[in-house]
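Report on the structure given below.
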Amino acid sequence: MEILTTAIALILSGDGDLFSIIGLSLRVSLCATALAAALAIPAGAALAILRFPGRRLVLVIGTAFMALPPVVVGLAVYLLLSRSGPLGPLGLLFTPTAMIIAQTILIFPIVLSLTHQAVHPLYREYGSLFNALDTPRQLQVRTIIWDARFAVSVAVLAGFGRALAEVGAVIIVGGNINGLTRVMTTTIALETSKGNLTLALALGLVLISIAFGINFLTHAVARTGEKYQSVRS
């Protein structure tokens, strides 16, 4: 109880180091989520609409990559960004940019698969209409994404939650450098190993609060989508 009280007091005191770590965590995860969503949402919708050889294989691979081990992603990005790697001259290793790249790779298959699952049933309803009106594929993708916007938003929130909780990949490519790449999850792991339970617990409380907030927002968006579908039908 004493550690818990001290941890809460640390949060309420507005400690600069604490909120710097929280701010970096949110910034990295939000950037990675935005980038992954910008790529995965159109791709997921296109996979539901387009028919081409190998489409099912792409879907299987995308679904399988949802369970991609974070440390494997971290290792792959590390090799890509290391001095001897193809992108080594850019000097991105052990920077927030490297962490964003790793998290984007982890989030992409999640948003892709969930977007496809949301869009595919809708295209079954609209496919005949699109074909009858000779609607361009690009317009079909935009229309179907808009109609599935609530389910797609849930997919994006799921991706953000996954990014925020990530440890393995970001610690490999970020290095957990104080004041530069130290985020909530890596700091919790480090401070716990050092025995500094106050800071670790304070960050844990913040992380749990954000997780509850994401979960609440996910359910709210899902319920709004269900009400919208019931009104439509």
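Brief remarks follow.
- With respect to the chain, whose longest principal axis is taken over its alpha-carbon atoms, helix 70-81 is tilted by about 90°.
- 3J(HN,Hα) from dihedral phi, the stretch 197-209, Karplus parametrisation 6.51/-1.76/1.60, rounded to Hz, x for glycine, proline: 6, 5, 5, 4, 5, 4, 5, x, 5, 5, 5, 5, 4
- For the stretch 25-37, 3J(HN,Hα) per residue [Karplus equation, 6.51 cos²θ - 1.76 cosθ + 1.60, θ = phi - 60°, Hz, x = Gly/Pro]: 4, 5, 5, 5, 5, 5, 5, 5, 5, 4, 5, 4, 5
- Computed per residue of the chain from DSSP H runs no shorter than four, each worth -39500 (n - 2.57), the mean residue ellipticity at 222 nm is -27000 deg cm²/dmol.
- Degrees separating the helix 96-132 axis from the principal Cα axis of the chain, which is the longest one: 20 degrees
- In this calculation the C-beta distance from Leu197 to Leu57 is compared with R0 = 41 Å, giving a FRET efficiency of 0.30.
- For the stretch 97-233, Kirkwood radius (reciprocal of mean inverse C-alpha pair distance, Å): 17.5 Å
- Once the Cα atoms are used to define both axes, helix 149-164 deviates from the longest principal axis of the chain by about 30 degrees.
- Taking a ≥ b ≥ c as the square roots of the eigenvalues of the Cα gyration tensor, the chain is classed as oblate, since a/c reaches at least 1.5 and a/b does not exceed b/c.
Taken together, the values in this text are just the output of simple stated rules run on the coordinates, not laboratory data. The shown structure was predicted, so the numbers you read here are calculated from the model rather than taken from an experiment. Methodologically, a virtual Cβ is constructed for each residue, glycine included, from the backbone with ideal geometry; neighbour enumeration extends over all protein chains shown.
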